[in-house]
Amino acid sequence: MKILLIEDEPEIRELIRNFLKSENYLVEEAVDYRSALDKIVSYDYDCMLLDIMLPDGNGLSLLRELSKLDKTDGVIIISAKNSIDDKVKGLELGADDYLTKPFHMAELNARIKSVLRRKNGDSNRFVEIQNVKISFDERLTLVNDQVLDLNRKEFDILVFLVMNKNRIVSKSAIAENIWGDYIDQADDFDFIYSQVKNLRKKLRTYQAQIEINTVYGIGYKLTTK
């Protein structure tokens, strides 16, 4: 799951970033309004953590831009301002939640998971497709109730494909969602082919009733058998 952290305070940003990475989230950062807007326009995120007070703008203005772009990224406002007006305005502009600083990382994590479940249209711990169950919270995949041993990238690719079931997903879209900013350093997408190849083998071995089809020249499409 890819998260955009929009926070100008270095210490707070580092604390949140390190915690989220320890929870296996892919984290990108923006330290001001301009850099945040550039990322919002250019990329999609599963969830954004948005500070209202930014050096060169207001976080609420970013919510307005999201609305103009018809973006569906989840948004949690994180702010030192415990203002009812700000909370109401933020929620009216499309934010999913509002968390006042200081807060415990465990609470932030719980809020993120709640937003992701709502965004994915699932209020339960598991997403189920045929004989495959996926737990976002535990990063666990089961096939016929047997644990499927996936590495981090394989799991993230499977989740992305499942959430886009029956749609053609380009290699660049997979790379952007799984590797984030670092994808610019890649010369080609051979690493995606390798991960998908291993994922396919594991799904077949466990007789999963889903399959990943190659759409030559474009990317992949997950379908049910």
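Values in this text are rule-based calculations from the coordinates and carry no lab data. Not measured: the values here are computed from a predicted model. Note that each Cβ is placed from the backbone with ideal geometry, even for glycine, and that neighbours are counted across all protein chains shown.
Any chance you could list P(r) for the chain, counting all Cα-Cα pairs in 10 angstrom bins from zero, rounded to whole %?
Going from the shortest bin to the longest, the percentages are 7, 32, 34, 20, 7, 0.
Nothing charged except the Cβ atoms of Lys and Arg (+1) and of Asp and Glu (-1): what's the magnitude of the dipole of segment 126-224 about its Cα centre? Round to the nearest 20 debye.
Dipole of segment 126-224, to the nearest 20 debye: 440 debye.
Let me know the charge dipole size of the chain about its Cα centre in debye, to the nearest 20, where only the beta-carbon of Lys, Arg (+1) and Asp, Glu (-1) is charged.
Dipole about the Cα centre, nearest 20: 1140 debye.
Set the Förster radius R0 to 30 Å, insert the Cβ-Cβ distance between Lys21 and Thr223 as r into 1/(1 + (r/R0)^6), and round the FRET efficiency to 0.05.
The pair Lys21/Thr223 has a calculated efficiency of 0.40.
Please name which of Ile40, Leu142, Val196 has its Cα lying farthest along the dipole of the chain towards the positive end, using unit charges on Cβ (Lys, Arg +1; Asp, Glu -1) and the Cα centre as origin.
Looking along the dipole axis, the top candidate is Leu142.
Scan around Gly74 for amide H atoms under 5 Å from its own, H built in the peptide plane at 1.01 Å from N, and keep only partners 5 or more places away or cross-chain.
The answer is Cys47, Met48.
Only helical DSSP H runs with n ≥ 4 go in: add -39500 (n - 2.57) per run for the chain, normalise by residue count and round the 222 nm mean residue ellipticity to 500 deg cm²/dmol.
One gets -13000 deg cm²/dmol as the mean residue ellipticity at 222 nm.
Gain in length, Thr100 to Val41, computed as 0.36 nm per residue apart minus the alpha-carbon separation, to one decimal in nm?
Gain on extension, Thr100 to Val41, equals 18.6 nm.
Put a dot 7 Å past each Cα toward the Cβ at Arg167 and Phe191; how far apart are the dots in nm?
2.4 nm
Note down the magnitude of the dipole of segment 2-119 about its Cα centre, charges +1 on Lys and Arg C-beta and -1 on Asp and Glu C-beta and zero elsewhere, to the nearest 20 debye.
Dipole magnitude for segment 2-119 comes out near 400 debye.
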